[in-house]
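Once you've had a glance at the structure underneath, I'll fire off some questions.
The values are calculated or read from the model by the stated rules, or taken from the named source; none is laboratory data. Nothing here was measured: the structure is a model prediction, and the numbers come from that model. Glycine gets a Cβ as well: all are built from the backbone with ideal geometry, and neighbour counts include every protein chain shown. Only protein heavy atoms, including side chains, enter the accessible area calculation; ligands, DNA and RNA are left aside. Shrake-Rupley method; radii C 1.70, N 1.55, O 1.52, S 1.80 Å.
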Amino acid sequence: MSASADKLAQFQAVTGLQDADLCTEILSAHGWDLEQAISSITSTSEEDHINHPTTSAIDTDTLAADRFEQSGFIAAEGAGPPGLAWKLITLPISIVAGSLGLVSGAVGLGLWAVGGVLSYSLGMIGLTNSGTNTGSSSTPLVSLSTAASEAMDFVSKFESEYGNRHPNFVPEGFMDALQRSRHEFKLLFVYLHSPDHPDTPSFCEGTLCSEVMSEFVNENFVAWGGSIRASEGFKMSNSLKASRFPFCAVVMAATNQRIALLQQVEGPKSPEELLTVLQRVLEESAPVLVTARLEAEERRNNIRLREEQDAAYQAALEADQARERQRREEQERLEREAAEAEKKQKEEEEARERAELEAAEREAALIKLREEKSLLLGTEPEKGPDVTQVLVRLPNGERKGRRFHCNTRIQSLYDFIDSSSSLEIGSYTLVTNFPRVLYGPDKLSFTLKEVGLHPQASLFVEQKS
């Protein structure tokens, strides 16, 4: 134990990291090989060759692949250093970090209205080319496939331990998440996860996964998370010089493989404390984001205008070429339509004549059928003990009444209605309401007396649906 304690003390002294848990985890990852552990921390800085923090620029002429060239939120040139405490922090992607501790009165939930200063200050990130930094080339964090795999694995493990309510960490590498934030004109919220740190569970459950924090981050940021046990998360913790956990940061894309570190939050924080910090950063960075969004919109409008002009020109050419063809086709169409209209008119006249003839034939047949039904009824009997008085109410409210012999069949009632009304034959059913009885086809052969309609009956005509 004494040897481990000595190595831990030496490691902290050399690297400057104060978090004993983090240092223990790094040493354990390298099998307590002090030289390897120190090398993993210092190698990035040695490769990037950092000058004193007051260096005003980073030489970008030798960058191998400039993923942010002319694509960042932040201008590469400025008219002089801002009146803020900026410092340069070199990451594996040459991140330039600046402190945004603006001096202003607190308003509401810590919202500081100093967007104009931020817009001016971020323009200074590029500074000038007067620095002596000659070793600015750097290597990518990890391959794209590995980075995405690590990000997806982090999200999966985080959800299995803390549930599905959390900031929507994108399942992709840091560089892709940074590009996503740039395209969406949002800041990138970075969370570095230390699984073994004693404050991690309470911070994740009580702060990071709280409803108000999750909704706020999801609405206003692109969120990326990584475990310091993974390659990319470990390198990011070194680059951001994370000395305490839990660790959160807010960054935005710059130019020439650089990012601007706008804010970092170290150690456990309540939802209110973290929310106040994030709201302040949003307030301060609003002018930069708005400007970037407006410039992108202007570029899209210019592209769209050029496309519309090209399309209009092409349309004019096609119109000139098609005008003569349309003239010829129009004459042919008019002649063809005239012939078709004449043919259609003739066919319609023939169809109308046939329809009128068929209608006349149907009407004649219906009149004949009504007459036959009327003849079948015979003479209306006089009142007597064997005579039934029947009253039928039609759908239009009209009432039809007649006397029938009590041995008359139900069919005769239908013959009576068919012969004395304009109802379509077979389109209705005779019913009684109290009690409700339908005298349909199954009762046509029964007599009035057999079905209980003697000595009198009141029926209704019910139209078939």
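Measure up Lys7/Lys186; Lys157/Lys269; Lys7/Lys235 against 31 Å on the Cα-Cα distance and list the ones that go over.
Pairs exceeding 31 Å: Lys7/Lys186.
Ok, one more. Using a 7 Å offset from the Cα along the Cα-to-Cβ direction at both Glu450 and Lys343, what is the distance between the two label points in nm, to one decimal?
That separation, rounded to one decimal, is 6.1 nm.
Relative contact order of the stretch 235-307, please, whole-number percent, based on alpha carbon pairs below 8 angstrom and at least 6 residues apart.
It rounds to 21 percent for the stretch 235-307.
Hey, another quick one. Note the per residue figure in Å³ for the convex hull of the C-alpha positions in the stretch 142-196.
Spread over its residues, the Cα hull of the stretch 142-196 gives 84 Å³ apiece.
Which trypsin sites (Lys or Arg not before Pro) does the stretch 408-465 hold that lie in a coil by DSSP with at most 16 other beta carbons within 10 Å?
Answer by residue number: Lys449, Lys464.
Over 25 Å between Cα atoms: which of Lys368/Lys449; Lys346/Lys368; Lys383/Lys464; Lys344/Lys368; Lys373/Lys400 fall into that group?
In this structure, Lys368/Lys449; Lys346/Lys368; Lys383/Lys464; Lys344/Lys368 exceed 25 Å between Cα atoms.
If you don't mind, there's one more thing I want to ask. Got a number for the accessible area of Trp32? Probe 1.4 Å, square angstrom, nearest 10.
Rounded to the nearest 10, the figure is 70 Å².
Another question, then. With a point put 7 Å past each Cα toward its Cβ, work out how far Glu318 is from Asp199 in nm, to one decimal.
The two pseudo-label positions are separated by 6.4 nm.
Okay, moving on. Under the definition of Cα pairs under 8 Å and six or more residues apart, what whole-number percent is the relative contact order of the stretch 187-316?
Once divided by the residue count of the stretch 187-316, the mean separation gives 27 percent.
Rounded to the nearest 0.05, what FRET efficiency do Gln411 and Glu332 have when you use their Cβ-Cβ distance and R0 = 56 Å?
With R0 = 56 Å, the Cβ-Cβ based efficiency is 0.30.
Quick one: 3J(HN,Hα) in Hz for the stretch 347-359, Karplus 6.51/-1.76/1.60 with θ = phi - 60°, rounded, Gly and Pro as x.
Computed from phi, the couplings for the stretch 347-359 are 5, 5, 5, 5, 5, 5, 5, 5, 4, 5, 5, 5, 5 Hz.
On a full-extension model of 0.36 nm per residue, what is the gain between Thr429 and Arg299, subtracting their alpha-carbon distance, rounded to one decimal in nm?
Result for the pair: 39.3 nm of gain on full extension.
Which ³J(HN,Hα) values, rounded to whole Hz and listed in residue order, are derived for the stretch 330-343 from phi using the Karplus coefficients 6.51, -1.76 and 1.60 in 6.51 cos²θ - 1.76 cosθ + 1.60 with θ = phi - 60°, glycine and proline given as x?
With the stated coefficients, the stretch 330-343 comes to 5, 5, 5, 5, 4, 5, 5, 5, 5, 5, 5, 5, 5, 5 Hz.
If amide H atoms are built 1.01 Å from N in the plane of the peptide, which residues on other chains or at least 5 residues away come under 5 Å of the amide H of Asn168?
It is Asn218, by chain and number.
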